[in-house]
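The values are calculated or read from the model by the stated rules, or taken from the named source; none is laboratory data. Computed from a predicted model, the values in this text were never measured in an experiment. No Cβ is skipped: glycine too gets one built from the backbone with ideal geometry, and neighbour counts run over all protein chains shown.
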């Protein structure tokens, strides 16, 4: 079966991770304004991933009869029920890390698959994955030194689990790759169940 895959995200980490699920794909980042109607992290990531995948699915021009899948994803960090997005600046990043240092927090990634099914009809499927992350207590110096690396600048929750922050991660419960931005084991399973691989 000839299937065209499109990732609706410009995230370098998602690009890298998707290669583990599908070998060849295009990247067309969604640019629409994000509209959030919920405060629950699991619902927020599902809403945003749906918006991203839907935008690109309805934007691309395809050939008659061509089968294709658009994959949209969104990740948030949640601490005590409050969503921590990408930091606005370095001070914001330091404040976020101060909050959850020495404690556990949750990372949610929502994924939406927008696709043309076997009957040529438009279809979509949305799910989310949750991973719990335990962060070691950190000194003020450690927090400021980490923030100064610039690594937290574009990351939800102000850290990258695969980067320099790794030395402060004491444990995780759930999918490691989910924290990086794409739960690849679940994505593979869902795509397989929908006959999209």
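Residue under question is residue 47, and the condition is that it be in a helix (DSSP H, G or I) and over 15 Å from the mean Cα position of the chain (by Cα); does it hold?
In short, no.
Counting only residues that are under 21 Å from residue 189 (Cα atoms), surrounded by 12 or more Cβ atoms within 10 Å (Cβ to Cβ) and modelled with pLDDT under 95, how many does the range 18-73 have?
2
Just one of 164, 145, 175 is under 26 Å from residue 20 (Cα atoms) and out of contact with any strand residue (DSSP E or B) (no Cβ under 9 Å at 6 or more places or on another chain); which is it?
Matching residue, one of 164, 145, 175: 164.
Name the residues in the range 83-112 that are surrounded by fewer than 23 Cβ atoms within 10 Å (Cβ to Cβ), touching a residue at least 24 places away in the same chain (Cβ under 8 Å) and part of a helix (DSSP H, G or I), would you?
90, 92, 94, 98, 100
Take the residues of the range 154-184 that are part of a helix (DSSP H, G or I), in contact (Cβ under 8 Å) with a residue 60 or more places away in the chain and touching a helix residue (DSSP H, G or I) at 6+ places or on another chain (Cβ under 7 Å): which is surrounded by the fewest Cβ atoms within 10 Å (Cβ to Cβ)? Write out each step before concluding.
Here is the first cut: in the range 154-184, the ones part of a helix (DSSP H, G or I) are 154, 156-158, 164-168, 176-180, 184.
Filter again for in contact (Cβ under 8 Å) with a residue 60 or more places away in the chain, leaving 154, 156-158, 168, 177-180, 184.
Subset that is touching a helix residue (DSSP H, G or I) at 6+ places or on another chain (Cβ under 7 Å): 157-158, 177, 180, 184.
Details: 157: 29, 158: 28, 177: 23, 180: 23, 184: 20.
The qualifying residue surrounded by the fewest Cβ atoms within 10 Å (Cβ to Cβ) is 184.
With the structure loaded, tell me whether residue 56 is in a loop (DSSP other than H, G, I, E, B), out of contact with any helix residue (DSSP H, G or I) (no Cβ under 9 Å at 6 or more places or on another chain), touching a residue at least 12 places away in the same chain (Cβ under 8 Å) and on the phi < 0 side of the Ramachandran plot or whether it fails that test.
no
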